[in-house]
1. Go through the stretch B:283-338 and tell me which strands (runs of 3 or more DSSP E), entirely inside it, have 3 or more residues that are touching a helix residue (DSSP H, G or I) at 6+ places or on another chain (Cβ under 6 Å).
2. Name the residues in the stretch A:600-619 that are farther than 21 Å from A:Gly695 by Cα and out of contact with any Phe, Trp or Tyr (no Cβ under 7 Å at 6 or more places or on another chain), would you?
3. Residue under question is A:Gly182, and the condition is that it be more than 30 Å from B:Ala275 (Cα to Cα) and either at the interface with chain B (Cβ under 8 Å from one of its Cβ atoms) or modelled with pLDDT of 80 or more (or both); does it hold?
4. Do we have A:Glu124 as farther than 30 Å from A:Leu173 by Cβ and either open to solvent by 70 Å² or more (accessible area, probe 1.4 Å) or touching a Cys at 6+ places or on another chain (Cβ under 7 Å) (or both) here?
5. Among the listed residues B:Ala169, B:Ala206, B:Ala226, B:Ala237, identify the single one that is assigned to a helix (DSSP H, G or I), exposed (fewer than 12 other Cβ atoms within 10 Å of the Cβ) and either within 13 Å of chain A (Cβ to nearest Cβ) or not charged (D, E, K, R) (or both).
6. How do the pairs read when you match residues in the stretch B:1-29 that are in a helix (DSSP H, G or I) and open to solvent by 60 Å² or more (accessible area, probe 1.4 Å) with residues anywhere that are modelled with pLDDT under 90 and of a type in the set (Phe, Trp, Tyr), using Cβ under 8 Å and keeping only pairs 6 or more apart or on different chains?
7. Name every residue in the stretch B:130-155 that is open to solvent by 40 Å² or more (accessible area, probe 1.4 Å) and either touching a Cys at 6+ places or on another chain (Cβ under 9 Å) or among the hydrophobic types (A, V, I, L, M, F, W, C) (or both), in order of residue number.
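The values are calculated or read from the model by the stated rules, or taken from the named source; none is laboratory data. All values derive from a computational prediction rather than experimental measurement. FYI the Cβ positions are ideal-geometry reconstructions off the backbone, even for glycines, and counts take in every protein chain you see. Each accessible area value is taken on the protein alone, full model and side chains, heavy atoms only, with ligands, DNA and RNA left out. Shrake-Rupley method; radii C 1.70, N 1.55, O 1.52, S 1.80 Å.
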Amino acid sequence: MIRLFFALVFLGFLHTSTPLSAQMMLPGGTATETAETPAEPSPNDIKELARLLADPTVVNWLQQRAAGLGEDGASTNLTFRESIELGLIQIQVRVQEVGAALVLLPNIPSIVSTTWQEGLTPREQLNFVVLLIIFVFVGVGLEWLYWRYAGYLRRRIELTRSNRYIDKVRSALTRLALVSGGAVFFSLGTIGTFVIFDWPPNAEEFVLELLFALVMLRVVSALALFALAPRIEALRLVPLSRQDARGLYLGVMLASAVMLFGHGLAETIVVLGADEPAGLTIDIIAAALTTVLAILLLWLMHTRSEPKRLSIAAPVVGSLVLFMLFIFWLIGAYSAAGTLAVVALLIPTERLVRKTIEQAFEESRAEAQSEQVSADETLAAAEEAGAEAEAVVEPDAAAEAEAPGEAEQEAITNAEAIHGVYLPVAVRLGRFVVVVAAVVCIGLFWGVQPWNMSATNSTPAQVVRVLIDIMVAFLIGDLIWTATKTAIDRRMASMPKLVPGMAPGPEARMATLLPLIKKVVLVTILVMVGLIGLSSMGINITPLLAGAGVVGLAVGFGAQALVRDIVSGVFFLIDDAFRVGEYIEMGDIRGTVESMSIRSLQLRHHRGAVHTIPFGELKSLTNYSRDWVMMKLEFRVPFDTDLKLAKKIVKKIDAELQENPEYGGNFLQPLKFQGVRRMEEFNMVVGVKFMTKPGGQWTIRRDAYQRIRDEFEKAGINFAQRNVKVEVVGADELDEDTKEKAAAAAMDAIEQNVEGQATG
Amino acid sequence: MISRLRIISGLLLFVFVIGHLLTLAFGLYSISAMETAGRFLMGPFSNPIGGPILIVSFFVHAALGLWTVYWRNSLFSNWADTAQAALGLAIVPLLLPHIMGTVVGPAMTGVHTNFKWVLAVYWMFVPHLGIQQVVALIVIWVHACYGLFLWMQVQKWWGRYATISYPFAVIVPVTALLGFVESGKILIANRGDPEFMAPVREAAAAYGTVGATLNNIQSQVLWWYAALIAAVLLARAVRLWGKRPKITVTYTDGPTIERTAGFSLLETAQSMDTAHAALCGARGRCGSCAVRVLEGHENLAPPGKTEAETIARRSLPEGVRLACQAMPTGGPVTVERLFAPTISPVEYQELLRGEDPPARDPEPGLEREEIA
């Protein structure tokens, strides 16, 4: 598919580069050049002219005249209707001329031969062949000389393979400069030396035309060589296979040769005395042949492409466009032809630019990777050597080898990230440039100078102006939007997924902010592009803006609370006060942050309730999920407890807990026995503490309690229990019954005391 | 010996051609200036000593050319050499009318040839001979310069004179042709002047009597020449007749090539578009095509005299052969190029003088790409 478009591109280029289409491009240009080509001025005349031009008064006068002409041109702005009428009249005239020319079509060979024989004696004919050979030889000789000095440089360029696209472009440009230098020397040798001689009028026109065609062919060849590089993959700027590039190059050269030499022949026989229509007929034949060649090339490229294409739409459309171009040229609708060419070339050019940009990115990325890989290889090789030297430390070497592998991976993802961000932007930018260039071209065809539009007031100029404004606004908006979107999307895609139970990283905050930013940017761009479009259409947008301002004010007052929520929400996010997944508490509300909207925050209480809190309501909040958690446990033990034993036991439990595969990793500081915290009436309080990651403390606390209790029990340490010793004086003498009663009374008293303490 | 003879005879012919062309260049001034210049520039070869030397050189050079055609195994392996041979063969038929008119004609009639007459023939009387003559000039000059440059490129002094000698190769024929154009214009402009045209009339009268004889001689020479070339080609075909064994040449940094035997290593490589330095044009003089034979020494014909001489002169190490001379006789050969395919004569000379070798191109195994 893409190849056909390249073919179109180059054929279009061909159309614009040949002298025939140079005429075509002139809006409303006359059909053919005037028949009487004035005689070549003698050297004396030229010297005289140069002397006159060097005179400042003459220059001043010329400038004034030119300025006057410019004013005239500006004041004679035609109305739309008038310009259409003018165009139709021109087309009519042209069609009549073409009709007259087509009548001559069957007689063209005889006309050419009779003109040739009548215009020149046989001796002159042969002499001209001699002249042609001599001057072509002079040109070839000078160019050979040039290549003696430039040839090695060119071979260097052609034999060096550059990896980076920018190097490729640089090499191709250097080669273009070199090849153009060769063409310049050739034209110097041919046309340059030819015009030095003083020739009789008309006699040299024939030779000059042919030499000119040759030089033009060289120029076309240099440009085609630059873009296609048919034989050198390393310099090819367009993504074509070798075969396709060669085919396209040959086709372009053949078509341009037909066009150039046909036109040269047409000019020559008019000079030699044939009628003007005869010249036009030859021009038409040449153009028709070129069109047929171009269409053939198109189909050839289509059929020869390796991946078989199902759709024949591209060559059909291409052929149709070429045919229409020819017809437009034939009837003299040059502006229409130019517009058609530009429109037809728009899509393929855009694709070409996109492919080229993609290729450029691809190549530079591949290069970055290969560099990385080679660096890795050298590292690996070095390590291999090390491993051989000390075969004993093999596992170490293997472990080391992994490290650069990871680094490489990282570098690649890095490079990919960069390319991923800039590639869509570059593609959009390329499209932007192509579209703007196309619009400018079309404007030029219709006599509208985009850079000078304020000077013209015609209807098409205004339409073009509005279109350009809207398009530029839209494309710039599109560019900004793509850049933002890709940047944000990639940023979000590169974020690690939130794992339930794990403390979220700092990216979680961006995960909240980025979609918001994206929406804001989109809306802003849409509104701005819309406003610019309206304003360039001539609609006054000031009331709209003012209205929007008033409405904004009213809404702002009404939604003060909402605005406060949004703004304070943004600031909470900037403060990094909480993130999705964190456990926070504010006032008496607590829970895990489940989601954040633009206005409010949703917390999930650990019992399942969901709290929704507007950001504006938040004054201060407590975050339980940051960095670390310290947990302190207390036990009451009797005064006679062996504290050293207890410490040992705790240390043992700590070791066990640290080993635990489930939560052992959550420890930040070990379980420590802190000794006696305080003494109480009947027991002493010993402390145990540990530090964990947030969220990991609960299970550890559970197990710690359990194990400490079990181990203490085993070691014979009993937790102090609340017991009351009632000492009854002279209890030995009491009988059992009285003892029981006393105990019951003491019990009551204690219970009452305890209750009193509890209530009091 | 043969190559020395060839270059000596070629140089002698070249000196004459330069003199002749410079004479033509004086046509840019006037025709009488041409006559005067011709007396000095072409004089040394138009006396009883110089004339025979020139003629002998011509025949020796032509014979050596045919000799090469006979011994060349492939005539189309290298387009430059093919073109050189074709140009050389074309010189005789192209130049024959000129020789007939300016050497044989005067010898028969006794009329001293003059430039006005020759120019009148080329520009007025027989214009197609003018085309032929211009083509002949170009062919001779290209043939001469190509041969000369091939010879000079491997000389010790070449590096110093290379850059200044190129313009000379262009200026001489260009001025000569422009002189030819200008003098023709002068002639045509003055054709109505009886006094100016007097020498032309005299010569025309003299040639009128011998024209038929000259034509007769010319066509006979052409037939004999064609027969000679046909005989040489036939003899060559007979020499090459016979079964050729298969050979396989592997380049360590390039492709593997399979062909029938009968071609030198260089020709084999070039036939498969493999770039290979060969500065002297496969004449075995320079040694820039040297390869190190890694495997299959026995599958190459032993070095000939030229090769042995060059190897000794360049003091190349053991196991190195010249690709342009070494003939694979059959079987596999593995070789490695000693010099980068892109090496320039100047770099090569520097290398021989022991200066810093240029870095080899990173990709030596490139295919032979378009080269201006």
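1. On the way: elements: B:290-295, B:320-322, B:331-337.
Of the strands (runs of 3 or more DSSP E) lying wholly inside the stretch B:283-338, none has at least 3 residues that are touching a helix residue (DSSP H, G or I) at 6+ places or on another chain (Cβ under 6 Å).
2. Keep residues of the stretch A:600-619 that are farther than 21 Å from A:Gly695 by Cα, which gives A:600, A:612-619.
Passing the criteria: A:Thr612, A:Ile613, A:Pro614, A:Gly616, A:Glu617, A:Lys619.
3. Details: more than 30 Å from B:Ala275 (Cα to Cα): no; either at the interface with chain B (Cβ under 8 Å from one of its Cβ atoms) or modelled with pLDDT of 80 or more (or both): yes.
The answer is no for A:Gly182.
4. On the way: farther than 30 Å from A:Leu173 by Cβ: yes; either open to solvent by 70 Å² or more (accessible area, probe 1.4 Å) or touching a Cys at 6+ places or on another chain (Cβ under 7 Å) (or both): no.
For A:Glu124, the condition - farther than 30 Å from A:Leu173 by Cβ and either open to solvent by 70 Å² or more (accessible area, probe 1.4 Å) or touching a Cys at 6+ places or on another chain (Cβ under 7 Å) (or both) - is not met.
5. Working: B:Ala169 fails: exposed (fewer than 12 other Cβ atoms within 10 Å of the Cβ); B:Ala206 fails: exposed (fewer than 12 other Cβ atoms within 10 Å of the Cβ); B:Ala226 fails: exposed (fewer than 12 other Cβ atoms within 10 Å of the Cβ).
Just one listed residue meets the conditions, B:Ala237.
6. B:Ile2/B:Trp67
7. Quick first cut of the stretch B:130-155, residues open to solvent by 40 Å² or more (accessible area, probe 1.4 Å) only: B:132, B:135, B:142, B:146, B:151, B:155.
B:Val135, B:Val142, B:Trp151 - these are the residues of the stretch B:130-155 that are open to solvent by 40 Å² or more (accessible area, probe 1.4 Å) and either touching a Cys at 6+ places or on another chain (Cβ under 9 Å) or among the hydrophobic types (A, V, I, L, M, F, W, C) (or both).
Condition check ((1) surrounded by 11 or more Cβ atoms within 10 Å (Cβ to Cβ); (2) of a type in the set (S, T, N, Q); (3) within 24 Å of A:Leu475 (Cβ to Cβ)) across all residues:
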residue: A:Val521; (1), (2), (3): yes, no, yes
residue: A:Leu526; (1), (2), (3): yes, no, yes
residue: A:Leu531; (1), (2), (3): yes, no, yes
residue: A:Leu534; (1), (2), (3): yes, no, yes
residue: A:Leu544; (1), (2), (3): yes, no, yes
residue: A:Ala548; (1), (2), (3): yes, no, no
residue: A:Ala554; (1), (2), (3): no, no, no
residue: A:Gly558; (1), (2), (3): no, no, no
residue: A:Leu562; (1), (2), (3): yes, no, no
